[in-house]
Amino acid sequence: MNVLLQAAPAYSNGVKPDVVTYTILMKALIRVDKFHKVPAVYEEMILSGCTPDRKARAMLRSALRYIKQAVKS
């Protein structure tokens with residue numbers, strides 16, 4: 001599942017997303033309570049050849065905390 005292609009069809013025109021693009025997408029998913037999709041975006045970022053930076057890893061950790069809280073309740 002290519003989340004970026006679903007989110008922004010412009011990427012299918014040969015524009016390659018970078019770590020900033022993926023991080024912004026992960027942050028947006030967290031803000032709209034779709035944090036369960038963040039791990040897939042993170043994995044997609046790695047598979048596309050982008051190396052996660054500190055902010056991208058922070059977004060993943062945030063999403064995982066939300067997921068953990070959701071499972072507890």
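Taken together, the values in this text are just the output of simple stated rules run on the coordinates, not laboratory data. Keep in mind that this is a model prediction, so the values were computed, not measured. Ideal geometry is used to build each Cβ from the backbone, glycine not excepted, and the neighbour counts take in all protein chains shown.
Among the trypsin sites (Lys or Arg not before Pro) within region 11-61, which fall in a DSSP loop and have no more than 10 other Cβ atoms within 10 Å of their own Cβ?
Answer in residue order: no site qualifies.
Straight distance only, please: which lysines reach the Cα of LYS68 with their own Cα at less than 23 Å, same-chain residues fewer than 8 apart left out?
Counting by Cα, and skipping residues close in sequence, LYS68 has these lysines nearby: LYS27, LYS34, LYS37, LYS55.
If I model a spin label as a point 7 Å beyond the Cα along the Cα-Cβ vector, how far apart are those points for ARG65 and VAL19 in nm?
About 2.1 nm separates the two model spin labels.
Can you give the log10 of the normalised intensity I(q)/I(0) at q = 0.16, 0.18, 0.19 Å⁻¹, computed with Debye over equal Cα scatterers of region 16-72?
Once normalised to I(0) and log-transformed, intensities are -0.41, -0.51, -0.57.
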